[in-house]
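Asks: The structure follows.
The values are calculated or read from the model by the stated rules, or taken from the named source; none is laboratory data. Owing to the predicted nature of the structure, the values given are computational and were not obtained by experimental measurement. Glycine gets a Cβ as well: all are built from the backbone with ideal geometry, and neighbour counts include every protein chain shown.
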Amino acid sequence: MQIWPVAAAAKRWRAWCGDLGKGGRVASTSDGLRAVADPGGVITSEPGGLMDVLGVAAVVLDARGRIVLWSPQAEQIFGWTAEEALGREAAGMMVAEEHLDIVLSLFEKVMTGGEAWAGVFPIRHKDGSTRPVEFRNVRLQDERGDFFALGLATDETTLRDLERDVALTVGLVSHSPIGLAVLDGDLNYVLVNPVMEEITGVPAAEHLGRPVRDVVPMLDTDAIEADMRQVLTSGEPLLDRIRSGRTAADPDVDHTWSVSYYRLDDPSGRVIGVAISVVDISDQFRAASEAAEARRRLAVIANASVRIGTTLDLERTARELADVVVTDLADVAAVDVLDSVLREDDPAVPSHGPARFRALAVASSYHMEAVGAADPAGEIASYAAHRLVTQATRTRRPILVARVLPGDLRRIARDPESAAAWEEAGLHSYLIVPLIARGQVLGVLDLARTRNPNPFTEDDAVLAGELAARAAVCIDNARWYQRQRHAAVALQRHLLPQRPPQLAGLEVAYRYQPAGTAQEAGGDWFDTIRLAGGKTALVVGDVMGHGINAAATMGQLRTVTRTLARLDLDPSEILHHLDEATHELEEIIATCVYAVYDPHRAQCRISLAGHPPPVLAHAHRPPVLLDLPAGVPLGVGGVPFTTTTVDLEPGDRLVLYTDGLVESRGHHLEERLRALLDLLTQPRIPLQDTCDRLLSALPPPDHPDDIALLIAEAC
């Protein structure tokens, strides 16, 4: 292995010059080199070459040692002009007396023996100083047979500096751990060091005279040549350009290099070519990439910790998981749970046969028709034992299909039509991860790549498993909360009246609506109680809190209220006894409105315990909020309640409700009460329809509190 420097380049140079010489013209190359050629192929170079840098002087002495020829460079080195030097004895003019014998001896050997001599000799300068000069002395003979001595001289310091620079350059190029190359103005190789040979996998001799694209065709040679031409044109180096790809040295593995480009100029400023330095940074790049990927994965996990499980709603938690992974991991994601998980307290994965899954969420990173190939949210699908989704739940292990083949689609999709849709969408990589929480398999997280060209890796499977594990706990919490919530709602609905009773002088309608879209049970209740003498007790109450405890407390207070009502006490006394009963339940607060309607007197006696005021919607006048003493909530104790009597004419309606109907985070209570009155001012419709109108118009879609509504119309 060797460096191919000037000799090989000179061969190409001579060939180029020969082509140029055929035309006998002035030519300009792309690297800025200029030359003049005649038809004989003679080249005239511009100043600034190596000989000009050295300043080589030519001096000719005759047989007696007198100077007969003196070049302009000799004047630069020795200080004497040609007029001053010609005809004088060189020894007497240029040699100190103590060196005279030595120089005469050397002169005699050259002239008589014809021996050439080379070396450094101290020469006396015209200014009287002594300077070391490098000589090359040879004997010349003219046509008459006379002998002359030709001395070629240059400044020894300049020569040694140049030799040192050349030696240093050659050493650096030869032994550098960095790949180095030089290309001419046509971007063909003229020099390659051993490391560059190892990088490209091409012998050094096969580089010379060839362009980059011929040597490393698997790299982005257009971009590399564009960089080199930019450097040739601007003269500004391009440093640390990152290039990746493969070469003949390692054709099966991608490598990464840091490449720098420098323009080469000779001492006169003439452009010679471009130098390249190449450092293989594959290990560093791979380590940096792995570190960046690790940071990205940590960021994904941190993002998931914030975004997944923001509520105890099962479907929303599943959507949050799907949304996180399609942003950072997959093009399409689906979350499916075993149907038995939603129906049983302690479900078990079937050991054989098909498994039934309920789709909870589907998400994609871009709009695509293939999303329809996934099971729609809420739909139940049965998957046979050979399907990947079934296998993942039974083995409790992720299944990675890095490269999806046509046969794999039949084990992924739910039916042939879905398989065709996935194939058309370009599904090329698939990953399914089981959702496991507290040792129980809940379902699976399906991940698909269609637009992302990279296949899933084992690292992706680990990341997906981490996300699935975190999400599974949230899904399991939501599952148990949902079951408790459903139990609370069922309990509450069981404790409330099921159908309006037949009452003397009254027609009633009522509604109960759980809190928000989550259908969360609370402590609101209503009741109508027949009393002696044809009277009717109308009750609406609100136990603070939500869930099964609030529903159970509501049931206790409703039972106590029905018991007390049959004692035919004044409404204020009823509330007093309810207050004592609530106080005994410990740390329970409730509000209540209790009214007794007497159809014989057409009167209604009403008492409030910290409850919103009822609305009296007259048959022929605008509705009004009844101005009643508000009282204090049940459970506070020690504060008396007040009863107020209100006259009811036939057709008048009394509207009782809990605060969930009129309270809203974004509006003042007064504004919401005015909205209630406005709705009751609209043309009158039947009681049942009026309940529906109020519930559809007043509460926000995600109202945070449950609502009890009771409307009674005097007949």
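Asks: For residue 151, state whether it is over 30 Å from residue 88 (Cα atoms) and either in contact (Cβ under 8 Å) with a residue 60 or more places away in the chain or of a type in the set (S, T, N, Q) (or both).
Replies: Answer is no for this residue.
Asks: Right, another one. Take the residues of region 661-679 that are loosely packed, with under 12 Cβ neighbours inside 10 Å and either of a type outside the set (Asp, Glu) or under 45 Å from the mean Cα position of the chain (by Cα) (or both): which is modelled with the highest pLDDT?
Replies: 668
Asks: Could you identify the single residue in 219, 232 that is in contact (Cβ under 8 Å) with a residue 12 or more places away in the chain and either in a helix (DSSP H, G or I) or among the acidic types (Asp, Glu) (or both)?
Replies: 232
Asks: I've got another one for you. Does residue 441 fit the bill of being at pLDDT 90 or above and more than 30 Å from residue 424 (Cα to Cα)? Steps first, please.
Replies: Numbers: at pLDDT 90 or above: yes; more than 30 Å from residue 424 (Cα to Cα): yes.
Yes.
Asks: Give me the pairs, please: first residue somewhere in region 317-333 and assigned by TED's automatic domain parsing to the domain that holds residue 368, second residue anywhere and part of a helix (DSSP H, G or I) and of a type in the set (D, E, K, R), beta-carbon distance under 6 Å, and either six or more positions apart or on two chains.
Replies: As it stands, the answer is 320/307; 324/307, since those pairs meet every condition given.
Asks: Something else now. Name, by its number, the condition in (1) outside any loop (DSSP other than H, G, I, E, B); (2) modelled with pLDDT of 85 or more; (3) not polar (S, T, N, Q) that does not hold for residue 293.
Replies: Of the numbered conditions (1) outside any loop (DSSP other than H, G, I, E, B); (2) modelled with pLDDT of 85 or more; (3) not polar (S, T, N, Q), the odd one out for residue 293 is (2).
Asks: Could you list all residues from region 604-637 that are surrounded by 15 or more Cβ atoms within 10 Å (Cβ to Cβ) and assigned to a strand (DSSP E or B)?
Replies: Passing the criteria: 604, 605, 606, 607, 608, 609, 615, 616, 617, 625, 634.
Asks: Which members of region 638-650 meet the condition of being in a loop (DSSP other than H, G, I, E, B) and hydrophobic (A, V, I, L, M, F, W, C)? Even if it seems obvious, please write down each step before you answer.
Replies: If we filter region 638-650 for residues that are in a loop (DSSP other than H, G, I, E, B), which is where we start, we get 638-642, 648-650.
Scanning region 638-650 gives 639, 641, 648.
Asks: Can I ask one more? When you check residue 110 against the structure, is it surrounded by 13 or more Cβ atoms within 10 Å (Cβ to Cβ) and part of a helix (DSSP H, G or I), yes or no?
Replies: Considered against the rule, which asks whether it is surrounded by 13 or more Cβ atoms within 10 Å (Cβ to Cβ) and part of a helix (DSSP H, G or I), residue 110 comes out as yes.
Asks: Further question: Run down 653, 672, 693 and say which single residue is in contact with a Lys or Arg (Cβ under 9 Å, 6 or more places away or on another chain), over 21 Å from residue 589 (Cβ atoms) and of a type in the set (D, E, K, R).
Replies: 653
Asks: Regarding region 470-482, can at least one residue be identified that is within 20 Å of the chain's Cα centre (by Cα) and at pLDDT 85 or above?
Replies: No, there is no match, as no residue in region 470-482 is within 20 Å of the chain's Cα centre (by Cα) and at pLDDT 85 or above.
Asks: Out of region 244-278, which residues are touching an Asp or Glu at 6+ places or on another chain (Cβ under 9 Å), farther than 12 Å from residue 183 by Cα and either part of a strand (DSSP E or B) or among the β-branched types (Val, Ile, Thr) (or both)?
Replies: Once the filter is applied, which keeps residues that are touching an Asp or Glu at 6+ places or on another chain (Cβ under 9 Å), farther than 12 Å from residue 183 by Cα and either part of a strand (DSSP E or B) or among the β-branched types (Val, Ile, Thr) (or both), region 244-278 yields 244, 245, 255, 256, 257, 258, 259, 260.
Asks: Only one of 136, 144 is more than 25 Å from residue 81 (Cα to Cα), free of Cβ contacts under 8 Å to residues at least 24 places away in the same chain and either basic (Lys, Arg) or not in a helix (DSSP H, G or I) (or both); which?
Replies: Just a single option satisfies the conditions, and that option is 144.
Asks: Return the residue satisfying two criteria in turn: it lies in region 300-315 and is in contact with an Asp or Glu (Cβ under 8 Å, 6 or more places away or on another chain) and either of a type in the set (S, T, N, Q) or farther than 21 Å from residue 360 by Cα (or both), and of such residues it is surrounded by the most Cβ atoms within 10 Å (Cβ to Cβ).
Replies: Taking the candidates together, the pick is 300.
Asks: Please go through (1) outside any helix (DSSP H, G or I); (2) of a type in the set (D, E, K, R); (3) surrounded by 14 or more Cβ atoms within 10 Å (Cβ to Cβ) for residue 227 and return the number of the only condition it doesn't satisfy.
Replies: Tallying (1) outside any helix (DSSP H, G or I); (2) of a type in the set (D, E, K, R); (3) surrounded by 14 or more Cβ atoms within 10 Å (Cβ to Cβ), residue 227 fails exactly one: (1).
Asks: Identify, from the list 155, 101, the residue that is of a type in the set (Asp, Glu) and surrounded by 12 or more Cβ atoms within 10 Å (Cβ to Cβ). Before the answer, list the steps.
Replies: Working: 101 fails: surrounded by 12 or more Cβ atoms within 10 Å (Cβ to Cβ).
Selected residue: 155, the only one of 155, 101 that is of a type in the set (Asp, Glu) and surrounded by 12 or more Cβ atoms within 10 Å (Cβ to Cβ).
Asks: Is at least one residue of region 167-179 in contact (Cβ under 8 Å) with a residue 60 or more places away in the chain, part of a helix (DSSP H, G or I), hydroxyl-bearing (Ser, Thr, Tyr) and within 30 Å of residue 109 (Cα to Cα)? Steps first, answer last, please.
Replies: We begin by selecting, within region 167-179, every residue in contact (Cβ under 8 Å) with a residue 60 or more places away in the chain; these are 170, 173-174, 178-179.
With part of a helix (DSSP H, G or I) added as a condition, the list becomes 170, 173-174.
From the residues that got through so far, the ones that are hydroxyl-bearing (Ser, Thr, Tyr) too are 174.
Filter again for within 30 Å of residue 109 (Cα to Cα), leaving none.
No, there is no match, as no residue in region 167-179 is in contact (Cβ under 8 Å) with a residue 60 or more places away in the chain, part of a helix (DSSP H, G or I), hydroxyl-bearing (Ser, Thr, Tyr) and within 30 Å of residue 109 (Cα to Cα).
Asks: Okay, moving on. For residue 162, are the conditions met, namely being closer than 19 Å to residue 118 by Cβ and either assigned to a loop (DSSP other than H, G, I, E, B) or over 40 Å from the mean Cα position of the chain (by Cα) (or both)?
Replies: yes
Asks: Please tell me if residue 464 is in a loop (DSSP other than H, G, I, E, B), in contact (Cβ under 8 Å) with a residue 60 or more places away in the chain and touching a strand residue (DSSP E or B) at 6+ places or on another chain (Cβ under 6 Å).
Replies: Criteria not met by residue 464.
Asks: Looking at (1) over 28 Å from the mean Cα position of the chain (by Cα); (2) surrounded by 14 or more Cβ atoms within 10 Å (Cβ to Cβ); (3) at pLDDT below 90; (4) among the charged types (D, E, K, R), which is the one condition that is false for residue 263?
Replies: (3)
Asks: While we're here: For residue 592, state whether it is under 15 Å from residue 523 (Cα atoms) and either buried (at least 20 other Cβ atoms within 10 Å of the Cβ) or among the aromatic types (Phe, Trp, Tyr) (or both).
Replies: Yes.
Asks: Another question, then. Output the helices (runs of 4 or more DSSP H) that fall wholly within region 354-426 and possess 3 or more residues being at pLDDT 85 or above, touching a strand residue (DSSP E or B) at 6+ places or on another chain (Cβ under 7 Å) and among the β-branched types (Val, Ile, Thr), or say none.
Replies: In region 354-426, 388-395 are the helices (runs of 4 or more DSSP H) which contain 3 or more residues that are at pLDDT 85 or above, touching a strand residue (DSSP E or B) at 6+ places or on another chain (Cβ under 7 Å) and among the β-branched types (Val, Ile, Thr).
Asks: Taking the criterion of being at pLDDT 90 or above, more than 42 Å from the chain's Cα centre (by Cα) and buried (at least 17 other Cβ atoms within 10 Å of the Cβ), would at least one residue in region 169-184 satisfy it?
Replies: yes
Asks: Would you check which residues across region 633-646 are modelled with pLDDT of 95 or more and either hydrophobic (A, V, I, L, M, F, W, C) or out of contact with any Gly (no Cβ under 8 Å at 6 or more places or on another chain) (or both) and list them?
Replies: Within region 633-646, 641, 643, 644, 645, 646 qualify.
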